[in-house]
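Presented below is the structure to which this report refers.
The values are calculated or read from the model by the stated rules, or taken from the named source; none is laboratory data. From a predicted model like this one, the values you see are computed outputs, not experimental measurements. When we count neighbours, we look across all protein chains shown, and the Cβ atoms used for this are built from the backbone with ideal geometry, even at glycine.
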Amino acid sequence: MPQPEAPDDALDPLTEQALEWQVRLHSGDDDVATAQAYEAWKHTDPAHQAAAEQAEELWRTLGVALPRRRHGPPKAAIAVLLCGLGALGGVAVEPFGPPQAWLADERTATGERRSMVLSDGSQVDLDGGTSFDIVFGPDQRRLVLYTGQIYVAVHPDKARPFEVADKNGTARALGTAFGVSRDGAETGLFVAESTVRVHAADAPEAAGIDVHAGEEVTFTAARAGAVRKSDIGSRAAWRQGQLVFDGRPLKEVVAALGRYRRGRIVVMDHDLNGLRVSGNFSTADSDKALDAMAAALPIRIRRLPLLTLIQRDPTRAAP
C-alpha cells in the first residue's frame with residue numbers, strides 16, 4: 001500500500017534537527033559542551049553538514065530578532081524559532097525592517113498597492129511593503145525610500161530637481177517617469193520616459209551615470225552596475241497586479257513575491273539565487289507562483305507559519 005506524501009509544510013528530519021541545534025546554541029547559556037556536541041553532529045555526515053549550513057543561514061536571517069530562550073523542552077525548540085516570529089508582532093518578518101520605515105511618511109502593507117499625488121503634482125505608485133519619507137523644500141524634491149518599490153511620474157519643475165534616494169545612492173529625474181526598488185542589498189531602477197541620473201552613495205561625484213528610457217540598472221553604495229536594456233512592460237506590470245519575469249534571477253523574484261506574501265521567504269542556499277525564473281503571475285496568488293517555480297526549478301518549497309523556505313532539491317539537476 002503506497003504511503004501518503006508528506007505535507008508541503010513538513011520539514012525533513014535533518015533540517016529540523018539542525019534548527020533545534022541553532023536554538024540550543026543561541027539560548028544564552030554559553031554551553032561549551034553543547035557547542036562541541038553540535039560540531040560533532042555536524043561533521044558526522046555530509047548530509048548533516050549541509051543541513052547545518054542551511055540552518056545557520058536561516059538563523060542569520062531571522063534569529064537575531066528572536067528573544068533569548070533559556071528554558072523549554074528540546075522538542076519545542078523549532079517552535080520557538082519559527083512560531084516565535086509571530087510573537088514579535090511582525091518585526092522580523094514584515095517588510096518594514098529598517099527603524100526609519102516604521103514612522104515613514106508613506107507606507108503600504110504587505111499585498112497593498114496604491115497611488116498618490118504629491119504636493120508638486122507628481123504621481124507615485126506604491127507597491128506592497130513600501131515605505132518612504134517626503135522631503136520637499138524651496139530648492140529640492142526628494143523621496144527617501146526605505147523598503148519596497150515605487151513608480152514615479154514626475155511633474156516638471158526646473159527650479160527643484162526631483163530625486164529618489166536610499167542608502168545606496170540617488171536617482172535624479174531629468175523630467176521623466178521611472179521605477180525604483182529596494183531588493184536586499186541592491187537598488188534597482190528602470191526608466192520609462194526621458195533620463196535618470198544615478199549616483200552611488202560612496203562613488204566619486206563624477207561617477208554618476210545616465211539611464212535612458214527603455215534601460216535599467218542595479219546599484220549598491222559602492223558602485224552602479226552596467227546599464228542594460230529593460231522590458232518596461234514587465235518591470236512595471238505590478239502596477240496592474242501582475243508579476244512578469246523573463247529570465248530574472250531567483251533572488252529578485254523572491255523579493256517581488258515577498259511584497260505580496262505575509263511573513264518571510266528565505267532562500268536557504270545562496271547558489272540558488274542565480275537560477276533564472278520566467279512566468280506571468282498574479283500578485284493575488286503567491287502560492288501559485290511558488291508552485292510554478294518548484295515545478296520548473298531544482299528546488300523544494302517548505303511552507304511554515306509566517307515563513308517560506310526555498311531549498312535545493314538534490315534529486316533534480318539545474319536547468
Item to check | Among residues of the range 268-289, those that are free of Cβ contacts under 8 Å to residues at least 12 places away in the same chain and assigned to a loop (DSSP other than H, G, I, E, B), counted | outcome: 1
Next on the checklist: Being surrounded by 16 or more Cβ atoms within 10 Å (Cβ to Cβ) and not basic (Lys, Arg) is the filter here; which residues of the range 232-241 pass it?
Outcome noted: Ile232, Ser234, Ala236, Ala237, Trp238
Next on the checklist: Pairs needed: first member in the range 177-191, modelled with pLDDT of 95 or more; second member anywhere, hydroxyl-bearing (Ser, Thr, Tyr) and not in a strand (DSSP E or B); C-beta distance under 8 Å; at least 6 residues apart or different chains.
Outcome noted: Ala177/Ser194; Thr187/Thr220; Phe190/Ser230; Val191/Thr176; Val191/Ser230
Checklist outcome for this item: Scanning the range 138-148 residue by residue, the ones that are outside any strand (DSSP E or B) and either within 17 Å of Trp238 (Cβ to Cβ) or without any contact (Cβ under 8 Å) to a residue 12 or more places away in the chain (or both) total 1
Checklist entry - If you take the residues in the range 169-213 that are of a type in the set (S, T, N, Q) and surrounded by fewer than 21 Cβ atoms within 10 Å (Cβ to Cβ), which one is farthest from Val266 (Cα to Cα)? => result Ser194
Checklist entry - In the range 145-164, how many are surrounded by fewer than 19 Cβ atoms within 10 Å (Cβ to Cβ), at pLDDT 95 or above and among the hydrophobic types (A, V, I, L, M, F, W, C)? => result 1
Checklist entry - Taking the range 297-318 as the region of interest, how many residues are part of a loop (DSSP other than H, G, I, E, B) and at pLDDT below 80? => result 4
Next on the checklist: Being small (Gly, Ala, Ser), within 23 Å of Arg114 (Cα to Cα) and surrounded by fewer than 16 Cβ atoms within 10 Å (Cβ to Cβ): is that true of Gly274 here?
Outcome noted: no
Checklist entry - Is there a residue in the range 186-194 that is under 21 Å from Ser119 (Cβ atoms), assigned by TED's automatic domain parsing to the domain that holds Ser119 and not in a strand (DSSP E or B)? => result no
Item to check | Number of the exception - Gly247 against (1) surrounded by fewer than 18 Cβ atoms within 10 Å (Cβ to Cβ); (2) at pLDDT 95 or above | outcome: (2)
Item to check | Residue, farthest from Leu103 (Cα to Cα), within the range 113-143, restricted to residues that are among the hydrophobic types (A, V, I, L, M, F, W, C) and crowded, with 18+ Cβ neighbours inside 10 Å | outcome: Val124
Checklist outcome for this item: Within the range 238-267, the residues that are under 8 Å from the mean Cα position of the chain (by Cα) and part of a strand (DSSP E or B) are Ile265
Checklist entry - Does Glu20 qualify as being assigned to a helix (DSSP H, G or I), modelled with pLDDT of 75 or more, within 20 Å of Pro305 (Cβ to Cβ) and assigned by TED's automatic domain parsing to the domain that holds Gln54? => result yes
Next on the checklist: For the list (1) modelled with pLDDT under 55; (2) surrounded by 14 or more Cβ atoms within 10 Å (Cβ to Cβ); (3) assigned to a helix (DSSP H, G or I), I need the number of the one condition that Trp41 fails.
Outcome noted: (1)
